[in-house]
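To keep things clear, I will list the structure first and then write my remarks on it.
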Amino acid sequence: MIKKYVFGKPFETNAVIENFDECKDKIKEFSINETSSSFEFARQLDDDDIIYGLGENVRGINKRGWIYESYATDEGRHTETAKSLYAAHNFILFYCSSPFGVFVDAPFKVTFDLGYSKMDEAKIILHEKNFKIYIIYGENVNDIVKNFRKAIGKSYLAPFWSFGYMQSRWGYKSSDECRQVVKQFRENDVPIDALFLDLDYMNGCRVFTTNEKDFPDFPEFVSEMRQQDVRLVPIIDAAVKAEKGYEISDEGEKLGYFCKDENGNDYVGCVWPGYTYFPDYLNTEAGQWFASKYQYFTDMGIEGFWNDMNEPAIFFSKKMLEDLQTEIAERKDSPFDAGDYFNLRQKVNFLWDYKEIYHNVNGEKIRHDHVHNLYGYNMTKSASVGLEKIEPDKRFLLFSRSSYIGMHRYGGIWTGDNQAWWSHLLMFLQQLPSLNMCGFLYVGSDIGGFNSNTTEDLSLRWTALSVFVPLMRNHNGTERPQEWYNFIHKDWFKDIIKSRYRLLPYIYSEYLKAVHNYDMMFKPLSFVFPDDSYVTQVEDQLMLGENIMIAPVYTQNAKGRFVYLPEDMLMVKMFGDQIETEELDKGNVYVTVPYNCVLFFMRKGTLIPLYDSAVSTEKLIKNKIKVLCFTDEGDAEYEMYYDDGKTKSCEPKKLEILVENESAYCNSNDFQITVLAEYMNNIF
Ligand code: MIG
């Protein structure tokens, strides 16, 4: 059950697509305080209450104890004290005596003070007065999330190839450099499915152009890579270079599709191309005009895109820079003291203001800060709708940096410019269930860390965690190159990446289940073992689907780690083609984890389908499946979801796999299934 409450006249975000009647009862979960400019929803917290949710954010799985601000921000440090990252995911779940979820559907700034100002009080502060609030109920936490997810609609379905290993860097400077990267993979039989192109492929950062000098014959380059099973994925920046003679700029100007300033002139900021216009993605026509330009690439055979800088990120506003220049010139001969200096410094740091920007939504002029959190969402929604016009049934890879709930129907996200810090490896693990609650299933983080120089061991451990994650992409922007071949133990990376391809039937199946059943792929342990009071404390392990538990190593120099087993489980260590298993008893146990190891734990009575590894998703032999079992009195079973991986319209198929006394059975003749009996010896 879901109750919808409406305050004032909310801007339609289209986050929720199921229809609910407006509820006029009093909200019983919160006490409400209205001030002249805001609404505050407060609730007492018991000692044991947990708060889950908030999607992409800093801190733990339990969000309690910090103050978060939903306001999409280009923030490249992601420290523990950050309040906002790139996304605004306003769903939280109170895990208390009678659990419930809350979705705050508000496109402006919302503060979630979750026991920060007062340790025993949660407060949601809405800084404007027009919004909707949904209170979501259910039989248990899984049910609450499911009800919410049904209300916001089915998550984006990514193509199967985008579950392969992907390499990126800011930036590969030429097509020859790209060829060298791919050569390293192919010559060493390290699997890869995609190579990402950052700013350098463009002509002077002009969106929908290519750099003829360093990336000559672009369409041929695309097909040359494709022949090697490597898809090229170009970056698409949100803003458009403001320049006479540049087609996109001229067209957008003429059609009136760019955001305006207060006086109705095109707003000019500065981003990578220099002075730029900002397409008005909140204006459907403007969004569709921009999206139609993706055809420039799809005509060349490009099948995937990543949308960047769409918070939107602005380095400075032309007007505010000019005002500052005038101010400095005027003050040339007047005294300047310490206070003046700090004022000036502050100004230089924030030389743009979202209040300068206006949208045109169905003829209505709306100031950007009132709808700020919808910009990246609408850029990506437009792209998805536009791509659907180009090829209606094709699944394109599409993911975005900024997002709002609702965007999960159109694309995935990556978690932006993280750091090559061990704490960010753990933080990513902790973001996974929160992202899934908010509908974002096709997600990933920059493996190895985007900012700061990585280390070989950090890259290895990060790759090992990402084996389980849909978007498995190594990306960085700093000096130290972090493609696996730059390190000493190349074979260790190879083992880990091969393990990914082996595990794909399970990973993809659990992804499809989460999409089609409105479920979470990654869950906190408390969602699966509600009767075990200890698991609410576990912040560094997750359930992946119902059947396996993951517990990555996230500390430097650690040869292993302690793992909490909520029940007897089978420990599995994969090393590419090699596998080791050991049955472990419930409780705390220390396990050693070599650097080339992918570690997970299976529940009793279950099995994991595996492929033989291959150098690309296309080379996998998908009808030959090997199963790894942890039987319960000789039996194990698994329902494997699969589909064509290419079209949107295909319904998932379900392969029922059953193992009885070392023989495997399934409900389809298309598959050949073998039991990996050697790993079962210690079990029978
Ligand atoms: O201001 O395109 O998060 O992945 O490599 C930096 C360059 C702009 C930010 C993205 C990052 C990308 C980088 N971009």
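The values are calculated or read from the model by the stated rules, or taken from the named source; none is laboratory data. Fair warning: this is a prediction, and the values are worked out from it, not measured in the lab. Glycine also receives a Cβ, built like all others from the backbone with ideal geometry; neighbour counts cover every protein chain displayed. With ligands, DNA and RNA removed, areas are computed over all heavy atoms of the protein, side chains included. Shrake-Rupley method; radii C 1.70, N 1.55, O 1.52, S 1.80 Å.
Each peptide in 326-338, 531-543 was scored by the mean count of other Cβ atoms within 10 Å over its residues; highest first, the order is 531-543, 326-338.
If R0 equals 60 Å, the separation of the Cβ atoms of M1 and Y590 corresponds to a calculated FRET efficiency of about 0.85.
When the gyration tensor of the stretch 291-382 is built from Cα positions, what are the square roots of 5 times its three eigenvalues, in whole Å, from largest to smallest?
Working: eigenvalues 292, 56, 28 Å².
Equivalent ellipsoid semi-axes, largest first: 38, 17, 12 Å.
Rolling a 1.4 Å probe over the protein heavy atoms gives the stretch 568-684 an accessible area of 48 Å² per residue.
Summing Lys and Arg as +1 and Asp and Glu as -1 over all other residues whose Cβ lies under 13 Å from the Cβ of E391 gives a net charge of +1. Treating each Cα of the stretch 548-608 as one equal point scatterer and applying the Debye formula with no solvent, the log10 of I(q)/I(0) at q = 0.20 Å⁻¹ comes out as -0.74. Kirkwood radius for the stretch 73-159, taken over all pairs of different Cα atoms as the inverse mean of 1/r, rounds to 15.0 Å.
The stretch 459-578: Rg/Rh from Cα coordinates, Kirkwood Rh? Don't skip to the answer; put the middle values down first.
Numbers: Rg = 15.8 Å, Rh = 16.0 Å.
Rounded to two decimals, Rg over Rh is 0.98.
With a Cα-only, solvent-free Debye model of the stretch 112-211, what are the log10 I(q)/I(0) values at q = 0.12 Å⁻¹? For the stretch 112-211, the Cα-only Debye profile gives -0.79.
Length gain on complete extension for the stretch Y534 to E660, per 0.36 nm per residue less the alpha carbon to alpha carbon distance? If you can, show how the numbers build up before the last one.
On the way: separation 126, 0.36 × 126 = 45.36 nm, distance 3.38 nm.
Between Y534 and E660, full extension yields 42.0 nm more.
For Y257, enumerate residues with amide H under 5 Å from its amide H, sequence gap 5+ or separate chain, H modeled in the peptide plane. The list, which skips near neighbours in sequence, is empty: none. Sorting 671-678, 301-308 by their mean Cβ neighbour count within 10 Å, with the most densely packed peptide first, gives 301-308, 671-678.
Toward the positive end of the charge dipole of the chain, with +1 on the Cβ of Lys and Arg and -1 on the Cβ of Asp and Glu, the farthest Cα among G363, L387, Q578 is that of G363. For the stretch 23-121, the set of chymotrypsin sites (Phe, Trp or Tyr not before Pro) satisfying both a DSSP loop assignment and a count of at most 10 other C-beta atoms within 10 Å is empty.
Compared with the rule-of-thumb size 2.2 N^0.38 Å for a compact globular protein, the stretch 1-84 has a Cα radius of gyration ratio of 1.34. Calculated translational diffusion coefficient of the chain (4 °C, 1.567 mPa s; Stokes-Einstein with Kirkwood radius over alpha-carbon pairs) equals 49 µm²/s. Taking only alpha carbon atoms, the stretch 582-630 gives an Rg to Rh ratio of 1.06, where Rh is the Kirkwood radius. Placing +1 on the Cβ of every Lys and Arg and -1 on the Cβ of every Asp and Glu, with nothing else charged, gives the stretch 569-636 a dipole about its Cα centre of roughly 280 debye.
If I take every Cα pair under 8 Å that is 6 or more residues apart in the stretch 438-494, average their sequence separation and divide by the length, what percent do I get for the relative contact order?
Numbers: 69 pairs, mean separation 22.5, N = 57.
Rounded, it is 39 percent for the stretch 438-494.
Tell me the Kirkwood hydrodynamic radius of the stretch 462-521 in angstroms, computed as one over the mean inverse distance between distinct C-alpha pairs. Please report the intermediate quantities before stating the final value.
Details: mean 1/r = 0.0763 Å⁻¹.
Taking the inverse mean of 1/r over all distinct Cα pairs, the stretch 462-521 comes out at 13.1 Å.
Per residue, the average separation of C-alpha pairs within less than 8 Å and at least 6 apart gives the stretch 53-182 a relative contact order of 19 percent. Within the shell defined by Cβ-Cβ distances under 9 Å, the residues around R231 carry a net charge of -2, with Lys and Arg each +1 and Asp and Glu each -1. Got a number for carbon plus sulfur as a percent of the stretch 558-684's accessible area, 1.4 Å probe? After summing per-atom areas, the C and S share lands at 45 percent.
Over the residues of the chain, the helix contribution to mean residue ellipticity at 222 nm works out to -7000 deg cm²/dmol, using -39500 (n - 2.57) for each DSSP H run of at least 4. The string of couplings for the stretch 267-279 from the Karplus curve (6.51, -1.76, 1.60, θ = phi - 60°) is 6, 10, x, 10, 10, 3, x, x, 5, 9, 9, 10, x Hz, one whole number per residue in order, with x for Gly and Pro.
Write out the GluC sites (Glu not before Pro) in the stretch 126-210 meeting two conditions: DSSP loop, and at most 12 other Cβ atoms within 10 Å of their Cβ. Spell out each step's value before the answer.
Values: sites: E128, E139, E177, E187; in loops: E128, E139.
Filter output for the stretch 126-210: E139.
Over the chain, calculate the relative contact order: mean separation of alpha carbon pairs under 8 Å at least 6 apart, over the residue count, as a percent.
Values: 1585 pairs, mean separation 87.9, N = 684.
Result for the chain is 13 percent.
Three principal axis extents of the stretch 559-684 based on alpha-carbon atoms, in descending order, are 45, 33, 26 Å. By the equivalent-ellipsoid construction on the alpha carbon gyration tensor, the stretch 311-356 comes out with semi-axes of 23, 12, 6 Å, ordered largest to smallest.
When the charge dipole of the stretch 129-186 is built from unit charges on Cβ atoms (+1 for Lys and Arg, -1 for Asp and Glu) and taken about the Cα centre, the candidate among L157, Y172, I136 whose Cα reaches farthest toward its positive end is Y172. Select from the stretch 516-619 those trypsin sites (Lys or Arg not before Pro) which occupy a DSSP coil region and have at most 11 other Cβ atoms within 10 Å, ordered by residue number. For trypsin sites (Lys or Arg not before Pro) across the stretch 516-619 that sit outside H, G, I, E and B with at most 11 neighbouring Cβ atoms in 10 Å, the list reads K559.
What net charge is computed for the residues neighbouring H127, neighbours being all others with C-beta under 11 Å from the C-beta of H127, Lys and Arg scored +1, Asp and Glu -1?
Numbers: positive: K109, K129; negative: E40, E69, E128, D369.
Around H127, the surrounding residues sum to -2.
The Rg/Rh ratio of the stretch 357-494, with both radii computed over alpha carbons and Rh defined as the Kirkwood radius, is 1.06.
Each Lys and Arg adds +1 at its Cβ and each Asp and Glu adds -1 at its Cβ; summed about the Cα centre, the chain shows a dipole of about 580 debye. Translational diffusion coefficient, Stokes-Einstein: compute it for the stretch 182-288 using the Kirkwood radius over C-alpha pairs as Rh, at 10 °C and 1.306 mPa s, and state it as an integer in µm² s⁻¹. Roughly 101 µm²/s, to the nearest whole number.
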